[in-house]
Amino acid sequence: MACSEAEWVTIANNLLFKCHIHLRIRELEDCDANVFIALYQSILGEKVPDLIAIPGSQEDDAHNVQAVIDSLALDYLQVSLSHITGENIVKGDKESIKNLLEIFDGLLEYLTEHISETSHEKSKFKNGNLVWFSFYGVSLLPFIFLCIFLHRETH
């Protein structure tokens, strides 16, 4: 997405609002470890693996953001996110922050649509078919997310 910094701040604040996270940012660099940990836990409903609960340094914050990135890459998206590092996020690298925000924005969009479709499909499928639909819908997450991401890049 070719957005201005103000538009990225709006995207970040919209994500925080939709996830019922009571944080607001004024500039892109405000998207720190706390923001990305909160987004991860709110959107995915899970604790960040290997999280340092009480970070005492910038290195701890970088570790926590890297744990978010690694879990997204390995557990959910099955794609490399090597272009984004926890260290760069913590240092305030705008491009890295934008990339991670875009991933969370796409993930929230996909999961919201999937939940809506699943709710709609409940009225059409019997229990066995719903389990099949839900299983294959989730297993296709990396492919569908990649399609959404590529679609955004071309527009």
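When residue 42 is tested against the conditions (1) of a type in the set (Ser, Thr, Tyr); (2) under 10 Å from the mean Cα position of the chain (by Cα); (3) at pLDDT below 95, the lone failure is (3).
Can you tell me which residue in region 17-58 is farthest from residue 6 (Cα to Cα), limited to those that are surrounded by 13 or more Cβ atoms within 10 Å (Cβ to Cβ) and among the acidic types (Asp, Glu)? Checked region 17-58; the qualifying residue farthest from residue 6 (Cα to Cα) is 32. Against the numbered list (1) touching a Lys or Arg at 6+ places or on another chain (Cβ under 7 Å); (2) under 22 Å from residue 85 (Cβ atoms); (3) not charged (D, E, K, R), residue 13 comes up short only at (2). Residues in region 51-76 that are out of contact with any Ser or Thr (no Cβ under 8 Å at 6 or more places or on another chain), of a type outside the set (A, V, I, L, M) and either in contact (Cβ under 8 Å) with a residue 60 or more places away in the chain or closer than 16 Å to residue 90 by Cβ (or both): 55, 56, 57, 58, 59, 60, 61, 63, 64, 70, 76.
Can you tell me which of (1) at pLDDT below 95; (2) assigned to a helix (DSSP H, G or I); (3) not polar (S, T, N, Q) is the one residue 2 doesn't meet? Only one criterion is unmet by residue 2, namely (2). Take the conditions in contact with a helix residue (DSSP H, G or I) (Cβ under 9 Å, 6 or more places away or on another chain), under 25 Å from residue 110 (Cβ atoms) and of a type in the set (D, E, K, R) and apply them to residue 46. Does it pass? The answer is yes for residue 46.
Mind counting the residues in region 51-69 that are of a type in the set (D, E, K, R) and either at pLDDT below 95 or touching an Asp or Glu at 6+ places or on another chain (Cβ under 8 Å) (or both)? Walk me through it before giving the result.
So the first thing to find is which residues in region 51-69 are of a type in the set (D, E, K, R), and the list is 59-61.
Still in the list and also either at pLDDT below 95 or touching an Asp or Glu at 6+ places or on another chain (Cβ under 8 Å) (or both): 61.
Qualifying residue count for the region: 1.
The values are calculated or read from the model by the stated rules, or taken from the named source; none is laboratory data. All of these numbers come straight from a predicted model, not from anything done at the bench. For neighbour counting, all protein chains shown are included, and Cβ atoms are generated from backbone atoms with ideal geometry for every residue, glycine included.
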